[in-house]
1. Does A:Lys15 fit the bill of being open to solvent by 40 Å² or more (accessible area, probe 1.4 Å) and modelled with pLDDT of 95 or more?
2. Going by the structure shown, is A:Ile412 closer than 30 Å to A:Phe140 by Cβ and open to solvent by less than 10 Å² (accessible area, probe 1.4 Å)?
3. I'm trying to understand the selection: among the residues of region A:15-59, which are of a type in the set (Lys, Arg) and within 24 Å of the chain's Cα centre (by Cα)?
4. What's the total number of residues in region B:130-162 that are farther than 12 Å from A:Lys12 by Cβ, open to solvent by 30 Å² or more (accessible area, probe 1.4 Å), touching a residue at least 60 places away in the same chain (Cβ under 8 Å) and more than 8 Å from chain A (Cβ to nearest Cβ)?
5. Looking for whichever is small (Gly, Ala, Ser) and closer than 21 Å to A:Val36 by Cβ here; the options are A:Ala89, A:Ala54. Which one fits?
6. Quick check, is A:Asn170 within 18 Å of A:Lys403 (Cα to Cα), within 15 Å of the ligand (Cβ to nearest atom) and touching a His at 6+ places or on another chain (Cβ under 8 Å)?
7. Assess whether A:Asp184 counts as being within 16 Å of the ligand (Cβ to nearest atom), of a type in the set (Asp, Glu) and modelled with pLDDT of 95 or more.
8. Tell me the strands (runs of 3 or more DSSP E) entirely within region A:46-158 that contain at least 2 residues that are in contact with an Asp or Glu (Cβ under 6 Å, 6 or more places away or on another chain).
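The values are calculated or read from the model by the stated rules, or taken from the named source; none is laboratory data. Just so it is clear, the model here is predicted, and its values are computed rather than measured. All Cβ positions, glycine included, derive from the backbone under ideal geometry; neighbour counts span all protein chains shown. All accessible areas refer to the heavy atoms of the entire protein, side chains included, with ligands and DNA or RNA removed. Shrake-Rupley method; radii C 1.70, N 1.55, O 1.52, S 1.80 Å.
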Amino acid sequence: MSDKNKKGPESKTYKFDTLSLHAGYQPHKNAGSRQVPIYQTTSYLFDDVDHAAALFNLERGGHIYSRISNPTVGVLEERVASLEGGTAALATSSGMSAIFLTVMTLCEAGDHLVVSSQLYGGTVNLFRLTLPKFGIKCTFVKPRDTEGFKKAIQKNTKGIFGELVGNPGNELMNMPEISKIAHDAGIPLIIDATYQTPYLCKPFEHGADIVVHSLTKWMAGHGSSMAGILVEGGNFDWMQNDKFPTMTKPYEGYHGLSFAEEFGPTAFTMKARAEGMRDFGPCLSPQNAWNVLQGIETLSVRMKKHCSNAEEMVKYLLDHESVAWVSHPSVPDHPDHALAKKLLPNGRGSMIAFGIKGGKDAGVAFINNVKLASHLANVGDTRTLVIHPASGTHSQMDEATLKFAGLSHDMIRLSVGIEDIDDIKNDFEIGFRAARKPRLVSNQ
Amino acid sequence: MKFKVNGDEIFASTGGRPFDKNKPLIIFVHGSGLTHMTWVLQTRYFAFHGYSVLALDLPGHGLSKGKSLKTIEDMADWISSVIDAVGYKEASLVGHSQGCLVTIECTARYPDKIKTLSLMGGAGAIPMNPELLALAENGDPKAVDLMMDWAHGPAGHFGGHPVPGLYHINTGGMLAKSRTIKDTLGVDFRACDNYKNGFEAAKKIKIPTLSILATDDKMCPVKEGKKLADLIEGSKVDIIDNCGHMMLLEEADRVLKVLKSFITTNYPSKN
Ligand SMILES: Cc1ncc(COP(=O)(O)O)c(C=O)c1O
């Protein structure tokens, strides 16, 4: 027998590129429509009174009201769950609402979270200023300080949260190690994987328990629609300790249901929907769900181009006389180069941070003069985007917080698009030329 | 709910309602390596409609303590002990896959105790693919991946879970990986492979019996399910199209409809 014959049977469940086109949708149940239909409706007919009661009691699956679930949104949820290798997902109106619902499903007043200090500015504000209003406190730890995550865990800590690759400093969390720390403490690890998409990294394979995304970014790609999602890995045992009574104890809001007992590997999503979506209501519109689905169809094709363009740009910037430093995990002397290779084997992402010689003034001149790159407060568009965080996304932060978040005044954040690489470089030349004589050239 | 059977603490879901000894009892028996959670879209309905429900975790499975039982015959006796342990004299049984072997054997052994029998994706024998059996006994997660592949029909492979947001293949896979694969799936597959008494047991069954089969079931094909049903006097067969072996989730509503009509007719609740 040849080795090939010895291999034995292989699972033929669909693979990534196929799932990104097909998962979550069955045409034969939708009038044969090849494209996912947009169910532009708020509510759904009950067959009879018994059917209505059955849906409300979670006796049967199905839709009641589009704040809770919608068939088009459901396709997106299943699709992302399948791509992440998760058991279930809940889509939300934005990435922020996915993070908020995750925290509210996990925590109560009096609880505590350990949080990476390098996060999207909006997320920092949520954890630092808004959650304390709900009685939920956080301790921030620098992403590379793996031991720091352990030390920051308290008796009332209910989870660790972070972005795998911090924004915008490009510092990596050691996800496998930090997940062990979380699991030793009996708490879940929650990863915001917006910048990676499941094409670059599936956090569940490295110990994460819940993944959140701003789908607004690379997952959609087109920059047309706001959307977010939380995805459950299904491996976390909520019953291992008494830290999560709202998951394990009878819940008054559903006839004494215990989510963990009844739904096991999908308990978190079930609770986030049944309670969080019901009571807070940040639901995704079916039109936006459909828009995001259009993007996900080409996820791996786009991510390949994003990553190859990013690596070209890294080389270009490293050689450039106007550039003081370049931060991207593909740079060999990046402190997390080896870890990035392990966690992001398909590419290191398309977010680059670089320092422009001449500091803040040069940064402003560069941003004001590029023509192709768009100056805006988003990332992960198919178009190249640039911003100067110190005066933009992170401008609400004081000096000390800025430093703690790993930011400096000369930093430019670049989200590399999928345009022709020569055009991006030519555009940057215009920006750099202006930056070298900031007072002479302005776009005013 | 937790209770003791033969000294081991056993978990069973009561379908979201308190267990009430005044209501007729339906016991749900899961398939190889799985848990009570596969039944969530049938149990809650009956629990809310006049029945006491126990969706069991077999010993050593899901949330139940104890060691996995090694033979289908032992599991059949154990189901009878469960009925005693919760203070009932009789029950209706519902089984899926391996759970069909267990409930057939139990019904043949305890004819006075069992009032109706509902079989989903059942057959008189479930000989295992030797490679799959070896993988499971070695605790290789590939066994779970293969099982999830073969257990879902072509439609189920795309998803389309009846509960919005859930993805079939990964949810099932995670259930089967929730305890040590070798000690759950490995032991169960071996028990299925060893069990030879299914057809003989079937001939002894005289109670109302329903078989729900699915056109795309690769693990217990319709042909095998029918062969078993033919041996059971007066048994009823219902075939679900466009569906695989995990019919209780893949086509939960259609399965519930058939099951509801069968149980409420043949084992009515006065509540
Ligand atoms: C990493 C990360 N997480 C979350 C968010 C918030 O997502 P949204 O803007 O969709 O609310 C962003 C958006 O800027 C982000 O970059």
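1. Yes, satisfied.
2. yes
3. A:Lys15
4. Qualifying residue count, region B:130-162: 0.
5. Of the residues listed, the single one that is small (Gly, Ala, Ser) and closer than 21 Å to A:Val36 by Cβ is A:Ala89.
6. yes
7. Here the answer is no, as A:Asp184 does not meet what is asked.
8. A:88-92
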